[in-house]
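Report on the following structure.
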Amino acid sequence: MKLDFRTTAIYTTVATSLALALTVVAAPVQPNYPRAIGAGEGTLNIVAWEGYAQDDWVKPFEAQSGCKVQRKYAGSSDEMVALMRQGGGGEYDLVSASGDASLRLIYGGDVQPIDVRLIPQWKDFVAELKSPPYNTINGIHYGISYEWGPNVLIWNTTRVSVPPTSWAAIYDPQYKGKVTVPDNPIQIADAALYLSRHEPGLGINDPYELTPEQLRAAAALLKKQRALIKKYWALASDEIELFKNGDVVIGAAWPYQTNTLKAAKVPVADTVPEEGATGWADSWMLSSKSKHPNCAYQWMRYVSTPKVQAQQAVYFGETPANPKACKFMNEIETGSCEKYHLNAPASYYQKIKFWKTPRRQCSDGSRNCTSYSDWQRAWQGVKG
């Protein structure tokens, strides 16, 4: 499968449109459910994280549904939001949105309610993922939970002699010019999580709810780190190539990169450091202007089944929403159900600080927090 790498033109288009695209104020779309899932329209256009639409499970879906899947890989939640809004929406039918994008899409009117009664496997999902606050508003489901997991610390085992146990490693001057982290404003939360443990005087309790002072502190740490960075990665494949070529020796990654690199015989390992980790909990969300809703519903039903959830989980290195996937995961890779904590999802789920969109209003009702626009400006300042 050929990867859909972004061109300079797309980077420019996305960058110049974000200021408008991410501040669209509309209202959640109200339910208008289909009576049933009809025959497929022949095409399904999706925006997804790299590694979320592999031929192993896409080709069987195409054969059974007659829906040809057109894939667009996005490198960040910002890009996903912009792509779902470009051209007035409707160009893409589905998006695998993480928690830092889902509410923007819901309140922007970009996605429509999904009738979970048409997704039979939904009833089998773990309780935390049936109606989570990042895809369900006032009992209305705007997304179908998919997979989730942590952001990890990755390193080259032949060039990093002592296995790191702290995120401090990616701020260590000894790795100058050999570090890589995501090119994403939400990376500020990783710095905030680190500071919450190492500078408790800052009073950071939630890495996504930062006061102006706390945001400045996180940005200052990332500015110091900038001198150590070889490259900020946009797509997972960017980071994979950096490790393959020996350009970097340590960085922040998803388990997907580790799995891919190990399969290519690159000597890497990863860990969730002692400070904990941020992470993602993804949902398939249906465009409010989808031109292929029947194919979209067929896809959501298909990828919610245990076998497909297991294929996705083992390939990417994450945990499914459907616990019935456990049996199939262990058939693909012995012990993988336990490895990715599907046998005890609640306790593991609660350890991860899942992505969410920073908002001016804090969870305690005060308005002392910084907004996502503030984070975007801070990130641009970090990168210079």
- Item | The one condition in (1) part of a loop (DSSP other than H, G, I, E, B); (2) farther than 18 Å from G279 by Cβ; (3) within 24 Å of the chain's Cα centre (by Cα); (4) not hydrophobic (A, V, I, L, M, F, W, C) that P163 fails to fulfil | (3)
- Note on the structure: Within the stretch 128-157, of all residues that are touching a residue at least 12 places away in the same chain (Cβ under 8 Å) and more than 20 Å from T319 (Cα to Cα), the one surrounded by the fewest Cβ atoms within 10 Å (Cβ to Cβ) is T157
- Message: Between a residue in the stretch 24-50 that is on the phi > 0 side of the Ramachandran plot and any residue that is surrounded by 12 or more Cβ atoms within 10 Å (Cβ to Cβ), which pairs come within a Cβ distance under 7 Å, given they are 6 or more apart or on different chains?
- Response: G42/G66; G42/C67; G42/K68
- Query: Just checking, how many residues over the stretch 179-200 are within 15 Å of L235 (Cα to Cα) and in a helix (DSSP H, G or I)?
  - Reply: 1
- Expected output for the stretch 96-125 (first residue at negative phi and buried (at least 19 other Cβ atoms within 10 Å of the Cβ), partner of a type in the set (S, T, Y) and in a strand (DSSP E or B), Cβ below 7 Å, 6+ apart or cross-chain) is S96/Y146; A97/S283; S102/S283; D110/S287; V111/S287; F125/S145
- Looking at V314, V266, which one is part of a loop (DSSP other than H, G, I, E, B), modelled with pLDDT of 95 or more and closer than 22 Å to W254 by Cβ? V266
- Message: Step by step: first the residues of the stretch 91-116, then only those that are within 13 Å of L44 (Cβ to Cβ) and not hydroxyl-bearing (S, T, Y), then the one that is nearest to the chain's Cα centre (by Cα). Which residue is that?
- Response: V95
- Give the stretch 55-93 a look and list any residue that's in contact with a Leu (Cβ under 9 Å, 6 or more places away or on another chain), aliphatic (A, V, I, L, M) and under 28 Å from P185 (Cβ atoms), or say none. A74, M80, V81, A82, M84
- Query: Which numbered condition trips up A53, out of (1) assigned to a helix (DSSP H, G or I); (2) at negative phi?
  - Reply: (1)
- Message: Can you pull out every residue in the stretch 83-99 that is part of a helix (DSSP H, G or I) and either charged (D, E, K, R) or in contact with a helix residue (DSSP H, G or I) (Cβ under 9 Å, 6 or more places away or on another chain) (or both)?
- Response: L83, M84, R85, Q86, G99
- Query: Is one or more of the residues making up the stretch 85-97 in contact with a Ser or Thr (Cβ under 6 Å, 6 or more places away or on another chain) and under 22 Å from R359 (Cβ atoms)?
  - Reply: yes
- Item | Counted residues, the stretch 343-377 - those being farther than 24 Å from A101 by Cβ and touching a helix residue (DSSP H, G or I) at 6+ places or on another chain (Cβ under 6 Å) | 1
- Within the stretch 221-233, count every residue that is more than 25 Å from the chain's Cα centre (by Cα) and either assigned to a helix (DSSP H, G or I) or not aliphatic (A, V, I, L, M) (or both). 1
- Query: Restricting the search to the stretch 100-134, which residues are within 23 Å of G88 (Cβ to Cβ), in contact with a strand residue (DSSP E or B) (Cβ under 9 Å, 6 or more places away or on another chain) and either assigned to a loop (DSSP other than H, G, I, E, B) or of a type outside the set (G, A, S) (or both)?
  - Reply: L103, R104, L105, I106, Y107, D110, V111, Q112, P113, I114
- Restricting attention to the stretch 259-300, the residues that are over 22 Å from the mean Cα position of the chain (by Cα) and among the β-branched types (V, I, T) number exactly 1
- Message: Any residue that is buried (at least 22 other Cβ atoms within 10 Å of the Cβ) and either polar (S, T, N, Q) or within 18 Å of V268 (Cβ to Cβ) (or both) - is there at least one of those in the stretch 205-221?
- Response: yes
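The values are calculated or read from the model by the stated rules, or taken from the named source; none is laboratory data. Keep in mind that this is a model prediction, so the values were computed, not measured. For neighbour counting, all protein chains shown are included, and Cβ atoms are generated from backbone atoms with ideal geometry for every residue, glycine included.
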